[in-house]
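Encoded as structure tokens, here's the structure I'll be asking about.
The values are calculated or read from the model by the stated rules, or taken from the named source; none is laboratory data. A quick note: this is a predicted structure, and the numbers were derived from the prediction, not measured. Because the Cβ atoms are built from the backbone with ideal geometry, glycine has one as well, and the counts that use them run over all protein chains shown.
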Amino acid sequence: MLKIPHPYYLCSAEQSRFMDEKTISDFGIDGFTLMEIAGTRAADFIQSEIPSGSHVIFFCGKGNNAGDALVIARLLSQQGYQITICFLSGTDELSSDTQKNFELLQKLGEEIEILNWEDFNPTTYDFIVDGMLGTGLNSDIRSPYSDAISWINKQEIPVFALDIPTGLHADSGHILGTAVQADYSLSFGALKTGFYLNQGFDTAGEIILCELSFPNKYKKPTAKLIDRSWVEANSPTPKGKKHKYDGGVLYIIAGSEGLTGAGILAAKSAWSAGLGAVVLITPKGLLEIYEKQLAQIIKKPVGDRDDVYFKESHFDRVMDIIREKPGKVLIGPGLGREEETIRFTQKVLKNFEGDLVVDADALFALSKMNDWNKPNNSNWIITPHPGELKTLLNQDINDDFDRLRLTIKKAVEEKITILSKGMPSVIGTESGDAYLTGYETRIFSRAGFGDVLAGKIGAYWLTYSSTELACFHGLLDGFEKAQQYFVENSGSLAPIDII
């Protein structure tokens, strides 16, 4: 059972409301207190980024999002900031806690400029706080909020969004007509799933979690954010190897004429992850190519010298090879789509009772099977990109939110682990848990990166004996090597650069 710190939980709007309501009604911390905590945490962060004496304009709606903004305005005013507050819908029907904070603000006697949108006459400001609309938004933004957003997005000063940028859907990450382009999103109580889906990643800016006093028992996430800190804490220390086969072997079934590069990348990637032995199983006609490129990799050819793709007749010999020593199997890189190769691949999928990473062309062969018929004693990790996932599911995938939902559903139904590549990458497990990457993955969308990832996943599955940890380490390893590359080099990233 993975132990994942609550700050990495990704929650929907409904889950956030549930935490808020249960903390108020059952646990006994009132909403006004929670608002004060939220505003204090946000004010502390703003002060760490913006010097005292700066002029801030707050854009506020009527609800509790505005109440959070008013807490911040009150606290910053006491620290020497110049405060302007613009109410988009006036001050007549504020929520009860927002009204209380408005009254407290007025009691200060400070020179705080308060105006309505109709009276807004832009002057020079140093930064903006968006307290207009929060996570409850489900329809397109209308005027005057859309007008305010248009003005905000034209300014070249820092923008702090409270809880979520106004106009961004908290669950799906879709922009509802228009949205504030934030530099910082100060998320209250929990990170929102929508930050990492669809347009969320490019809208929310840097995401800062402002913890609230929600008891852990009320925290029920949609997914969790993958982070090196908790991945390492959940990863057992790899044991020392007595010999090269100690700890198992990764068998890679790969290659066809014209597609040998995929097997080369996967094998090199697996070897770089520290395995003692990587065995490449390939048609005999391709052996010379691999001998030149993979000196440290064990090669096991099957068939005759004129065989340049896998055939159904190779099945028995391939199964004999992977039974020689304990290990795990990666099938798919560069297999090609010859009819005989598809039949060979499907036979492996139906009959191999062991741990199998299914990638690339093996996924195509899987998609042609009416029933996946996974053997009871086998465990699968499948690694589809969005197009492959659509083919496997035989249905349209409308967006990243849909992809997250369908990945979770299919992983549970088939009792497998699915690493759905894309932006973000999504991991669904047979238990129904889901995990997302919180970093830029679009740089890996070119040919070859998937082969590198598949090799790493196979290697780390041997190292950590967990499908989830294999996927986490594979993703993080590639990302961190990419970061290092860009620090040390200029130019575009190639798959070989993250091996």
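Of the residues 163, 140, 202, which is touching a Gly at 6+ places or on another chain (Cβ under 7 Å), of a type in the set (D, E, K, R), on the phi < 0 side of the Ramachandran plot and at pLDDT 95 or above?
Numbers: 163 fails: on the phi < 0 side of the Ramachandran plot; 202 fails: touching a Gly at 6+ places or on another chain (Cβ under 7 Å).
The unique qualifying residue is 140.
Further question: In region 415-432, what residues are surrounded by fewer than 16 Cβ atoms within 10 Å (Cβ to Cβ) and touching a residue at least 24 places away in the same chain (Cβ under 8 Å)?
415, 432
For region 81-106, which positions are buried (at least 20 other Cβ atoms within 10 Å of the Cβ), assigned to a loop (DSSP other than H, G, I, E, B) and in contact (Cβ under 8 Å) with a residue 40 or more places away in the chain?
Across region 81-106, the qualifying residue is only 88.
Which pairs have Cβ atoms under 8 Å, sit 6 or more apart or on different chains, and link a residue in region 317-337 that is more than 16 Å from residue 453 (Cα to Cα) to one that is polar (S, T, N, Q)?
319/351; 335/256; 335/341; 335/345; 336/256
Here is a follow-up. Give me the pairs: first residue in region 139-156 and assigned to a helix (DSSP H, G or I), second residue exposed (fewer than 15 other Cβ atoms within 10 Å of the Cβ), beta-carbon distance under 8 Å, and six or more apart or on different chains, which are they?
Note: pairs meeting the criteria are 146/177; 151/122.
Residues in region 202-228 that are free of Cβ contacts under 8 Å to residues at least 40 places away in the same chain and either of a type in the set (Gly, Ala, Ser) or more than 24 Å from residue 153 (Cα to Cα) (or both): how many?
Summing the residues that are free of Cβ contacts under 8 Å to residues at least 40 places away in the same chain and either of a type in the set (Gly, Ala, Ser) or more than 24 Å from residue 153 (Cα to Cα) (or both) in region 202-228 gives 1.
Provide a single number: the residues in region 198-243 that are in contact with a Phe, Trp or Tyr (Cβ under 9 Å, 6 or more places away or on another chain) and of a type in the set (Asp, Glu).
3
Checking the conditions here, which among 469, 393, 476 is surrounded by fewer than 22 Cβ atoms within 10 Å (Cβ to Cβ), farther than 25 Å from residue 9 by Cβ and hydrophobic (A, V, I, L, M, F, W, C)?
Working: 469 fails: farther than 25 Å from residue 9 by Cβ; 476 fails: farther than 25 Å from residue 9 by Cβ.
Testing whether each residue is surrounded by fewer than 22 Cβ atoms within 10 Å (Cβ to Cβ), farther than 25 Å from residue 9 by Cβ and hydrophobic (A, V, I, L, M, F, W, C) leaves just 393.
To continue, here is another question. Mind listing whichever residues of region 38-66 are in contact with a strand residue (DSSP E or B) (Cβ under 8 Å, 6 or more places away or on another chain) and in a helix (DSSP H, G or I)?
Passing the criteria: 38, 41, 42, 45, 46, 49, 65, 66.
Would you confirm, using the coordinates I've provided, whether residue 396 is assigned to a helix (DSSP H, G or I) and either modelled with pLDDT of 95 or more or over 17 Å from residue 381 (Cα atoms) (or both)? Can you show your working first?
Numbers: assigned to a helix (DSSP H, G or I): no; either modelled with pLDDT of 95 or more or over 17 Å from residue 381 (Cα atoms) (or both): yes.
When the stated conditions are applied, residue 396 does not pass them.
Hey, another quick one. Checking residue 35 against (1) in contact with a Gly (Cβ under 7 Å, 6 or more places away or on another chain); (2) loosely packed, with under 15 Cβ neighbours inside 10 Å, which test does it fail?
All conditions pass for residue 35, except number (2).
Then there is this: May I ask you to list the residues in region 74-93 that are under 15 Å from residue 120 (Cα atoms) and either in contact with a Lys or Arg (Cβ under 9 Å, 6 or more places away or on another chain) or not hydroxyl-bearing (Ser, Thr, Tyr) (or both)?
If we filter region 74-93 for residues that are under 15 Å from residue 120 (Cα atoms), which is where we start, we get 83-91.
Those that are under 15 Å from residue 120 (Cα atoms) and either in contact with a Lys or Arg (Cβ under 9 Å, 6 or more places away or on another chain) or not hydroxyl-bearing (Ser, Thr, Tyr) (or both): 83, 85, 86, 87, 88, 89, 90, 91.
Where in region 280-390 are there helices (runs of 4 or more DSSP H), lying fully within it, with 2 or more residues that are within 34 Å of the chain's Cα centre (by Cα) and of a type in the set (Gly, Ala, Ser)?
On the way: elements: 287-293, 315-322, 339-351, 361-367.
Where helices (runs of 4 or more DSSP H) fall fully within region 280-390 and carry at least 2 residues being within 34 Å of the chain's Cα centre (by Cα) and of a type in the set (Gly, Ala, Ser), they are 361-367.
Sticking with this one: Could you tell me which of the residues 251, 218 is outside the structural domain of residue 436 (by TED's automatic domain parsing), surrounded by 16 or more Cβ atoms within 10 Å (Cβ to Cβ) and either out of contact with any Cys (no Cβ under 7 Å at 6 or more places or on another chain) or at pLDDT below 95 (or both)? Don't jump to the end; show me each part of the working.
Working: 251 fails: outside the structural domain of residue 436 (by TED's automatic domain parsing).
Exactly one residue qualifies, and that residue is 218.
Just one of 348, 357 is touching a Gly at 6+ places or on another chain (Cβ under 9 Å), at negative phi and in contact (Cβ under 8 Å) with a residue 60 or more places away in the chain; which is it? Break it down stepwise before answering.
Working: 348 fails: touching a Gly at 6+ places or on another chain (Cβ under 9 Å).
The match here is 357.
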